[in-house]
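Reading through the structure tokens given below for one structure.
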Amino acid sequence: ALTPYHFRLTDTNVYSMEEVCYYIWHNIYMIQEEVFDREFVMWIEKELHMEETSHKLACLIQDHKNLKDIVVTICCSCDYYDEEEINALIRLMDEIEQMPAYARKKHKGDTYLACHSYEKALEEYEKVFESDEILHAEKEAYCIFHNMGVAYSNLAEFRKAAEYFLKAYEQNKKDASLSQGLFALRLSKDVEGYKKALVDFDVSPEKQLQWEKEYTQVISQSSQCRE
């Protein structure tokens with residue numbers, strides 16, 4: 001296409017049906033029927049000159065067919081995925097339908113995070129905790145805490161990031177969460193909070209030395225980096 005189609009969900013441009021197929025596969029947890037609207041159908045017809053496919057999709061959308069029918073029609077319109085891969089995608093969509101609501105929201109948040117849409121990721125993660133289901137899913141909850149720390153870090157809200165990293169560490173006991181929490185405290189200039197965390201979480205002198213070296217190295221690299 002000379003003019004790309006813009007997926008607003010992830011701020012992504014696509015120029016071909018093959019790219020649409022790739023986009024669907026890698027964003028399947030957040031794809032909904034409303035993503036494929038009249039504007040999308042018109043783009044396929046006018047820009048890709050795929051009149052037959054656009055007509056099929058228009059009929060499916062008008063008849064309120066389910067997402068699987070729409071996705072299969074798109075994937076079968078070109079040769080990017082073979083039959084086995086399309087069947088695997090259908091099975092994945094069936095699995096998503098069976099997931100509890102909080103799990104679908106978590107995956108949606110993860111996709112936004114991977115796309116660097118940090119505000120949207122945080123919105124989805126917050127929705128997870130609105131559901132009573134999350135009370136029975138501690139493992140997912142503390143994974144979400146860590147990911148929220150990542151999102152807040154990338155928004156330069158380091159105090160919030162530290163809060164969520166340390167919340168995650170309290171349950172998962174993973175050095176990745178603890179070290180990121182400490183780094184976030186350093187970046188927030190919270191010297192007292194940093195010292196207190198070292199004591200509260202009984203950080204060994206060896207780990208303190210190791211993480212101090214990592215922190216110093218990255219600060220040095222970042223000062224020389226254009227970004």
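The values are calculated or read from the model by the stated rules, or taken from the named source; none is laboratory data. Here the structure is a predicted model, which is why all the values come from computation and not from measurement. Note: ideal-geometry Cβ built from the backbone for every residue, glycine included; neighbour counts use all protein chains shown. In case anyone asks, the SASA skips ligands and DNA or RNA and just uses the protein heavy atoms, side chains included. Shrake-Rupley method; radii C 1.70, N 1.55, O 1.52, S 1.80 Å.
Couple of notes before you dig in:
- Of everything listed in (1) loosely packed, with under 13 Cβ neighbours inside 10 Å; (2) at pLDDT 95 or above; (3) among the acidic types (Asp, Glu), the single unmet condition for Asp132 is (2).
- Residue count for the range 148-171, restricted to those that are in contact with a helix residue (DSSP H, G or I) (Cβ under 7 Å, 6 or more places away or on another chain) and either β-branched (Val, Ile, Thr) or surrounded by 17 or more Cβ atoms within 10 Å (Cβ to Cβ) (or both): 16
- Residue within the range 32-45 that is of a type in the set (Lys, Arg), at pLDDT below 95, surrounded by fewer than 17 Cβ atoms within 10 Å (Cβ to Cβ) and over 24 Å from Asp11 (Cα atoms) present: no
- Residue in the range 130-144 that is more than 25 Å from Met99 (Cβ to Cβ) and among the small types (Gly, Ala, Ser) present: no
- The range 1-25, subset without any contact (Cβ under 8 Å) to a residue 24 or more places away in the chain and part of a helix (DSSP H, G or I), residue nearest to the chain's Cα centre (by Cα): Tyr23
- Any chance Met99 is crowded, with 16+ Cβ neighbours inside 10 Å, within 18 Å of the chain's Cα centre (by Cα) and not acidic (Asp, Glu): no
- Lys105 meets all of the listed conditions (1) modelled with pLDDT of 90 or more; (2) open to solvent by 30 Å² or more (accessible area, probe 1.4 Å) but one, namely (1).
- Only residues that are surrounded by fewer than 22 Cβ atoms within 10 Å (Cβ to Cβ) and assigned to a helix (DSSP H, G or I) were counted across the range 184-193, and they come to 5.
- Residue in the range 194-201 that is hydroxyl-bearing (Ser, Thr, Tyr) and open to solvent by less than 30 Å² (accessible area, probe 1.4 Å) present: no
- Failed item in (1) open to solvent by 10 Å² or more (accessible area, probe 1.4 Å); (2) touching a Phe, Trp or Tyr at 6+ places or on another chain (Cβ under 8 Å); (3) not charged (D, E, K, R), with Phe7 passing the rest: (1)
For every residue, the table says whether it meets (1) of a type outside the set (Gly, Ala, Ser); (2) within 24 Å of the chain's Cα centre (by Cα); (3) assigned to a helix (DSSP H, G or I).
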| position | (1), (2), (3) |
| --- | --- |
| His146 | yes, yes, yes |
| Ala151 | no, yes, yes |
| Ala176 | no, yes, yes |
| Gly181 | no, yes, yes |
| Lys195 | yes, no, yes |
| Val203 | yes, no, no |
| Gln210 | yes, no, yes |
| Lys213 | yes, no, yes |
| Gln217 | yes, no, yes |
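- Residues that are surrounded by fewer than 16 Cβ atoms within 10 Å (Cβ to Cβ) and more than 17 Å from Val35 (Cα to Cα) within the range 56-77 comprise just one, Cys76.
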